[in-house]
Structures are given as C-alpha cells and as structure tokens.
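Take a look at the structure below.
The values are calculated or read from the model by the stated rules, or taken from the named source; none is laboratory data. Computed from a predicted model, the values in this text were never measured in an experiment. Note: ideal-geometry Cβ built from the backbone for every residue, glycine included; neighbour counts use all protein chains shown. Ligands, DNA and RNA are excluded from the accessible area calculation, which covers all protein heavy atoms including side chains. Shrake-Rupley method; radii C 1.70, N 1.55, O 1.52, S 1.80 Å.
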Amino acid sequence: MTETAPLRARAEIDLAALRANVRTLRAHAPGAAFMAVVKADAYGHGMVPCAKAAIEAGATWVGAATPEEALALRAAGIGGRVMCWLWTPGGPWREGIEADLDMSVSALWALREVSSAARAAGRTARIQLKADTGLGRNGCMPADWPELVSQALQAEAEGLVRVTGIWSHFACADEPGHPSIAPQLALFREMVAAAEERGVRPEVRHIANSPGTLTLPETHFDLVRPGIAMYGISPSPEVGTSEEFGLRPVMTLSASLALVKHVPGGHGVSYGHHYVTPGETTLGLVPVGYGDGIPRHASGTGPVLVGGKWRTVAGRVAMDQFVVDLGGDEPPVGSEAVLFGPGDRGEPTAEDWAQAAGTIAYEIVTRIGSRVPRVHVNEGPDE
C-alpha cells in the first residue's frame, strides 16, 4: 500500500455532523419543507457533497445564490428542487429553464428576460417572486409589487412562467427582538396576501433563514432556508452557541508545522516586526496564510492548537504562512496545528477566529481558499 504524504493543510468536512445538523434544524420546523442552502461552495465546505448529504438527511430543496452554482448542482446529478436567486441581465435563463431550476424574479427586467427565454425554449419557467420587506437588497419594493404580480400573472396565463413561490429575507433575524423583525414579517404577509388575492397560487412562501428557523417559529411558513446553521455554526452567538442549539461544526481546519526553531529574545517575527520575542523561545511555522483565506485581521490574535496548547498568531499573517510562539516547546516538524474545529478536542472554533478577526464565523469558513483541499469524511449513511 502506498503511503500518502501529510497534507500541508486540510479542511476536514464531517458529513455525518452535517446530516445531524439538518435533522436538528428540521425538528425546529417540522411543518415546513427544508431548503439546504449551499451557495458559495456550501459556505466553503464543498457544494456537491454537502448537498447530497443534506438530501440524505431530509432536505427536499437545495438553494444556491447564482445560476452558475445551480447549474453545477444539476450537472453533478443533484435532482429535486433547486432554486437560485442572484440574477443579472443576460443571465443563463434558458439553461435554467431547461435544467428545471426555480428562479427568483425581483423586477420587471428579470420577468421579461425569463419570459423571453421560456418562449425560445418552448417550456414553462418556474419562477419565485421576491419581495423586499425591509432588507434593502434584492427584491421588489411594495410600491412596485402590484405591477410585478400583474405582469407575472399575464406571463403565467400565456404559459411562459409558473409562479412557484413568494419569498423574502430578514435583515436582523440574528438579533431576536430587533424592531425590524415584526414589521418585515407583517409586510411579507401583506405582500403574499396581495399576490394571492390577484390570483397567484404559490407552492411555497418562505422567509426564514438560519436564525429564523431556530428562534422564530412564526416565520416558518411552507419552507425554511437554513444556511450557516446547517454547517454547525451558530447564526446568533449572543443568543446561543452551536452546542446550545444542538449543532456541531462541520469543518476542521488544520495544517502541518513546516518548521520549528530556536530563537533568542528580541527576535522580530514576520512582516513589520509587530511581534518581538520577549525572551529565548521556539517558533513554529504554520504553512497557511491569507492566500488560503486566513484573515490578516487576525494577526497577533488568531488562536491555534499545537501540542495540546492554545497558541496565538505571532506577528502578521502573511500570504502563505504565519508563525506561532511555542514558548520553548518543541513539537516535531509535521505536527498538527489545528486552527479551528468543533472544539471538543480543546481546539479553537470558527467563532473564536471570528472574534479574533473582528468578523463573523460565516466569513471564516467561507473564505478558506481552494489551495486547501476539502477532505470529506463519513460520506456513507449514518448507522
């Protein structure tokens, strides 16, 4: 048997944990269908394996941001309902229609383009109308909603489209009690009712994201769309940790120490010498950097588990590497440095890195780059 050399770095993706998270989230919304959101390469976890695992655990919809992501899911053999929502003029509408995607429409230009593509394809497009209930990003404003609904019904009467859903997105659902939540929910109900009064018959109405799924049962409607929570990361750390929500982080990021060396006191470390050794010590070189998605903002603060102890990034994170002060310890070269994981081996979590970098854990996992191989484990069915 040929031995495999240790990887410079690896992101281990525990698909059993992902399946368990999906089941936990489904239990929070037992009356709603479940859309597994796998945009941005499944928040950095690997889009296709995560989509398959989520479906195995009961997801009946898969959600992607861009049409390119959704088409890649189809090309990989992902069946069932696949929705995508971030369209730009001239997008691959016809390809989306022929791939049986559910495609979001937020404005008349998009309705015109998808209708034209449906006419050319000789097939009915499945579309979902998105309402801007207060987030201020994509979605149709209330003042423009009657016209969009009217034109969508006209296109439906012509056999060009089928309105399969009405949906929206929260601005502050991760802050339970935020004053924007109730008005958004009320406006969503009003815009759904207005569309239904005109004759729209949606299969699904949906607004609940991860925090909505976990903490706002009144938002569940026909479908919930968990994203970050599916990967075991709390969408509202102030409200509850992953463990408190019954979720397990899916990604463990580790690297192999590339060098361990003795240095004297007063030795500058990394660019700018923002860290200078306080005395004689040992330094360990971790061969990942901001080129791999390690946030430079965590220079001097990012935690790493080496040899059973938490260490801290010493000095600046460079493009390909950073240094930790080992305090005189001498782990062998090649020893594992765990940047983050579930935390049950004493290692930091993605949330710890988010705190260190002044960001959110969503960004920590999603930004891990393609130079770091994803190693998917526990791909088989659960026992």
Per the filter on the stretch 279-292, residues open to solvent by less than 20 Å² (accessible area, probe 1.4 Å) and over 13 Å from Ala255 (Cα atoms) are Thr281, Thr282, Leu283
Assess whether Val200 counts as being in contact with a strand residue (DSSP E or B) (Cβ under 6 Å, 6 or more places away or on another chain), farther than 22 Å from Gly341 by Cα and not charged (D, E, K, R). yes
Ala193: passes all of (1) farther than 20 Å from Trp87 by Cα; (2) hydrophobic (A, V, I, L, M, F, W, C); (3) in contact with a helix residue (DSSP H, G or I) (Cβ under 6 Å, 6 or more places away or on another chain) but (3)
Of the residues in the stretch 139-161, how many are within 30 Å of the chain's Cα centre (by Cα), over 15 Å from Arg189 (Cβ atoms) and surrounded by fewer than 18 Cβ atoms within 10 Å (Cβ to Cβ)? 1
Can you find, within the stretch 244-271, the residue that is farthest from Tyr43 (Cα to Cα) among those that are without any contact (Cβ under 8 Å) to a residue 60 or more places away in the chain and open to solvent by 60 Å² or more (accessible area, probe 1.4 Å)? Pro264
Suppose we filter the stretch 349-383 for residues that are closer than 17 Å to Gly289 by Cβ, over 13 Å from the mean Cα position of the chain (by Cα) and buried (at least 19 other Cβ atoms within 10 Å of the Cβ); how many remain? 4
Within the stretch 123-152, restricting to residues that are outside any helix (DSSP H, G or I) and among the polar types (S, T, N, Q), the one that is nearest to Trp61 (Cα to Cα) is Gln128
Checklist (1) within 29 Å of Ala17 (Cβ to Cβ); (2) surrounded by fewer than 20 Cβ atoms within 10 Å (Cβ to Cβ); (3) at pLDDT 95 or above applied to Ala208, failing item: (2)
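Among the residues of the stretch 211-240, which ones are of a type in the set (Val, Ile, Thr) and modelled with pLDDT under 95?
Within the stretch 211-240, just Val239 meets the criteria.
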If a residue has to be open to solvent by 40 Å² or more (accessible area, probe 1.4 Å) and within 21 Å of the chain's Cα centre (by Cα) to count, how many in the stretch 89-112 make the cut? 0
Is one or more of the residues making up the stretch 177-195 assigned to a loop (DSSP other than H, G, I, E, B) and open to solvent by less than 10 Å² (accessible area, probe 1.4 Å)? no
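Can you find even one residue in the stretch 112-122 that is in a loop (DSSP other than H, G, I, E, B), more than 20 Å from Gly227 (Cα to Cα) and modelled with pLDDT of 95 or more?
Taking every residue of the stretch 112-122 in turn, at least one turns out to be in a loop (DSSP other than H, G, I, E, B), more than 20 Å from Gly227 (Cα to Cα) and modelled with pLDDT of 95 or more.
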